[in-house]
Amino acid sequence: MISNLLALGIGFGLLSMLAVGGANTLIPIVHTYVTARGWLDDATFAQIVALAQIAPGPNFMFIPLVGWIVAGPLGLLVSMVAFIVPPAILAVAAARALIRHGERPAVAALRRALRPVASGVILGAGLVLAYGYARTRLVDILIVVAVTVLVLRSKASVLWWIGAAAAIGALEAAF
Amino acid sequence: MAEIALCFAAMALRGFGGVLGHSYDILVVRRQWLSEREFAEVYGIGQLVPGGNIINVAAILGDRWAGLAGATAALAGLTLPSTLIAVALLGLASKLAGEPHVASAERAVVAAAAGIVLASGLRTLRTIREAGRPRLVAARAAIAAFACAIACVPFVGLPIAVIVATPLAFLLERRAAR
């Protein structure tokens, strides 16, 4: 129990600092982490990722849900705090510093430098996710492509595309 | 303090499919706690720092309004109620786990999530054209491609990509600005 809590706290604390461009970038690496430790199987992990997308709230929620499955309420709390606090401290420090040093060229350079890195890393995460979950069924591949295009082209809430995907997935199993 | 927590809780619970749009609506349009420019600035910092964007925004604003207690209230309001709802939904979902069409729908939703991630990567990629000569833009694109390729390596790829590509990109921007 204690060792699981430590592994949740340290693991998600470290991973939180790698979540460039948001929590969803971490889905593949968290998948590897939790399955390697034998905490969750592929199907359960898919379930909590799907839930974190559908349920209202920030989509980092798959992380406390892992904690909940592994170690109950305490696991949920440890995972949540471990994931939230390190970046939040950094964000608050950055916000305070930017008020004073926002005009410095180094700050502007850092801001521009992070864009290509973030875009590359996010694209990599998307590809790993698509490869891991969508390559065996044609309908999943089509959903990946269609949702990518729709999100880029349309201003509608992504919830519509998630709902449509769920409906298509359910129908696919019915026939 | 309670007002901060409630405000972020309301934002999170309205946030089906992402909280950010609602945060703009509540903070700037309805309550007018922030100007449009302040919102953009805070959101920019939230994106710059790793972690959930809206989580970082909540921490910054809570801190600005009421220090550590404010940040704690904002973060708790944003994350606790919605996570408890997700736990309740998980109980429901695991009862249905044996059903083939539920499992199939879940896989399809993960495929949709992959599409959402890919789209946000492509959207960020568009911004590298900003304020750059063609050679600079090409170098930025090379860094993005490098980070993407490394990040595809299971488990170790993401940390290596971030740790190696960030200083490279920073040096590039420093040289370009000269």
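The string of couplings for segment B:171-176 from the Karplus curve (6.51, -1.76, 1.60, θ = phi - 60°) is 4, 4, 5, 5, 5, 5 Hz, one whole number per residue in order, with x for Gly and Pro. Take every pair of alpha-carbon atoms less than 8 Å apart whose residues are at least six positions apart; their mean separation over the length of chain A yields a relative contact order of 25 percent. Coupling constants for segment A:72-77 follow from the phi torsions by the Karplus curve (6.51 cos²θ - 1.76 cosθ + 1.60, θ = phi - 60°), and in residue order they are x, x, 5, x, 4, 5 Hz; glycine and proline get x. Between A:Ala50, A:Ala106, A:Ala134, the residue with the greatest mean-square fluctuation in the GNM of chain A (Cα pairs under 10 Å linked by springs) is A:Ala106.
Using all pairs of distinct alpha-carbon atoms, the Kirkwood hydrodynamic radius of segment B:100-177 works out to 14.5 angstrom.
If the Kirkwood radius is taken over C-alpha pairs of segment A:1-55, then at 20 °C and 1.002 mPa s the Stokes-Einstein diffusion coefficient equals 179 µm²/s. Sorted from greatest to least, the principal axis extents spanned by the alpha carbons of segment B:1-90 come out as 38, 28, 26 Å.
Taking only the Cα atoms of segment A:12-143, the ratio Rg/Rh comes out at 1.03, with Rh defined as the Kirkwood radius.
Translational diffusion of the protein assembly as shown was estimated from the Stokes-Einstein equation, with Rh taken as the Kirkwood radius over Cα pairs; at 25 °C and 0.890 mPa s the coefficient is 120 µm²/s.
Averaged over its residues, segment B:1-105 has an accessible area of 44 Å² per residue, based on protein heavy atoms and a 1.4 Å probe.
Could you identify which residue out of B:Ile160, B:Ile85, B:Ile45 has the top mean-square fluctuation in a GNM of chain B using Cα springs shorter than 10 Å? In the Gaussian network model the winner is B:Ile160.
Dividing the summed helix terms, -39500 (n - 2.57) for each DSSP H run of n ≥ 4, by the number of residues in chain B produces a 222 nm estimate of -27000 deg cm²/dmol to the nearest 500. Cα gyration tensor of segment A:81-175, axes a ≥ b ≥ c as square roots of the eigenvalues: rounded (a/c below 1.5), prolate (a/b > b/c) or oblate? The shape class here is prolate. Think of each Lys and Arg Cβ as +1 and each Asp and Glu Cβ as -1; about the Cα centre, that makes the dipole of segment B:100-177 roughly 400 debye. For B:Phe155 and B:Arg178, a Förster radius of 25 Å and the Cβ-Cβ distance give a FRET efficiency of 0.10, rounded to the nearest 0.05. Taking a ≥ b ≥ c as the square roots of the Cα gyration tensor eigenvalues, with a/c under 1.5 meaning rounded and otherwise prolate when a/b beats b/c, else oblate, which class fits segment B:19-71? Oblate, since a/c reaches 1.5 and b/c is not below a/b. For chain B, the residue among B:Ile60, B:Val102, B:Leu172 whose Cα projects farthest onto the positive side of the dipole built from Cβ charges is B:Leu172. Charges were assigned to the Cβ only: +1 to each Lys and Arg, -1 to each Asp and Glu. The resulting dipole of the protein assembly as shown about its Cα centre is roughly 1320 debye. Sites listed here are trypsin sites (Lys or Arg not before Pro) in segment A:105-153 whose DSSP assignment is loop and whose Cβ has at most 12 other Cβ atoms within 10 Å: A:Arg135.
Volume per residue of the convex hull around the Cα atoms, evaluated for chain B, comes out as 161 Å³. Near B:Phe16, the amide H atoms lying under 5 Å from its own belong to A:Gly57; only residues 5 or more places off or on other chains count, and H is placed 1.01 Å from N.
Modelled spin-label separation between A:Ile10 and B:Leu96, with each label point placed 7 Å from Cα along the Cα-to-Cβ direction: 3.9 nm.
Rounded to the nearest 20, the size of the Cβ-charge dipole of segment B:2-95 about its Cα centre is 260 debye, with Lys and Arg at +1 and Asp and Glu at -1. The residues packed around B:Met11, meaning those with a beta-carbon under 11 Å from its beta-carbon, carry a net charge of +2 if Lys and Arg are +1 and Asp and Glu are -1. Accessible surface ranking for A:His31, A:His101, 1.4 angstrom probe, highest first: A:His101, A:His31.
The values are calculated or read from the model by the stated rules, or taken from the named source; none is laboratory data. No experiment lies behind these values; they were computed from the predicted model shown. Cβ atoms come from the backbone with ideal geometry, glycine included; neighbour counts cover every protein chain shown. Side chains included, ligands, DNA and RNA excluded: accessible areas come from the protein's heavy atoms. Shrake-Rupley method; radii C 1.70, N 1.55, O 1.52, S 1.80 Å.
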